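Student: I'd like to ask some things about the structure below.
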Amino acid sequence: THKKRRSSWRGGESEAKRTTTMKVLFLCVANSARSQMAEGLARTKGGFFEVVESAGSSPSGSVRPLAVEAMKEIGVDISKHYSKAMSVFDLKTFDAVVTLCAEEICPLVPAPCRHLDWAVEDPAGDFPGESHEQKLQRFRVARDAINAKMDAYIAENSK
């Protein structure tokens, strides 16, 4: 059986109080692809994440259709997700804030938040002459990279 304990990585608590469930916020710039896919994936991880949200420092206002399509391929529906600003959240209420930016400037995560940097290349680039399948493949690569990082994090922190 699984014993659920409450967690805080903000300091001062012993390892004995650390939990296998946590509140996490996934951040990127536009909150239209990577952080949305991370939010969707985290919700499938068997309750490891108690609260899951995503946001962006400069939200686009929508979720990219290719992100929705890439997630649908693995049975995860993010079609009802929407792009949110990180300013709507109190970052101190999360056990961890995960940034997913690679080549662009990531949102600043203030102390005392536990910050995890899972750099994943932005799949949303627009390249002339690229087919739908080629564009979708970039989203699959990002999705799979996020999933691998998430699974490794869960395995390391479920001990």
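Student: What number of residues within the range 35-57 satisfy the criterion of being part of a loop (DSSP other than H, G, I, E, B) and touching a strand residue (DSSP E or B) at 6+ places or on another chain (Cβ under 8 Å)?
Tutor: So the answer is 3.
Student: Also: Select from the range 78-101 the residues that are touching a helix residue (DSSP H, G or I) at 6+ places or on another chain (Cβ under 7 Å) and part of a loop (DSSP other than H, G, I, E, B) and list them in ascending order.
Tutor: 78, 79, 81, 100
Student: Continuing with the same structure: I need a count of the residues in the range 102-149 that are over 16 Å from residue 33 (Cα atoms), open to solvent by less than 40 Å² (accessible area, probe 1.4 Å) and not in a loop (DSSP other than H, G, I, E, B).
Tutor: Residues meeting the conditions: 1.
Student: If a residue has to be crowded, with 18+ Cβ neighbours inside 10 Å and either aliphatic (A, V, I, L, M) or in contact (Cβ under 8 Å) with a residue 60 or more places away in the chain (or both) to count, how many in the range 59-75 make the cut? Spell out the reasoning first.
Tutor: Within the range 59-75, the subset crowded, with 18+ Cβ neighbours inside 10 Å is 59, 63-64, 66-68, 70-71.
Those left that are additionally either aliphatic (A, V, I, L, M) or in contact (Cβ under 8 Å) with a residue 60 or more places away in the chain (or both): 63-64, 66-68, 70-71.
Of the residues in the range 59-75, 7 are crowded, with 18+ Cβ neighbours inside 10 Å and either aliphatic (A, V, I, L, M) or in contact (Cβ under 8 Å) with a residue 60 or more places away in the chain (or both).
Student: Identify all residues within the range 1-51 that are at pLDDT below 50, under 20 Å from the mean Cα position of the chain (by Cα) and open to solvent by 60 Å² or more (accessible area, probe 1.4 Å); write none if there are none. Even if it seems obvious, please write down each step before you answer.
Tutor: In the first step, residues of the range 1-51 are kept if they are at pLDDT below 50; the result is 1-19.
From the residues that got through so far, the ones that are under 20 Å from the mean Cα position of the chain (by Cα) too are 7-10, 19.
Within the range 1-51, 10 is the sole residue that qualifies.
Student: Across the range 91-130, what is the number of residues that are within 16 Å of residue 64 (Cα to Cα) and more than 17 Å from the chain's Cα centre (by Cα)?
Tutor: 3
The values are calculated or read from the model by the stated rules, or taken from the named source; none is laboratory data. Predicted model only: the values in this text are computed from it and were never measured. Backbone-built Cβ (ideal geometry, glycine too); neighbour counts: all protein chains shown. For accessibility, only protein heavy atoms count, side chains too; no ligands or nucleic acids. Shrake-Rupley method; radii C 1.70, N 1.55, O 1.52, S 1.80 Å.
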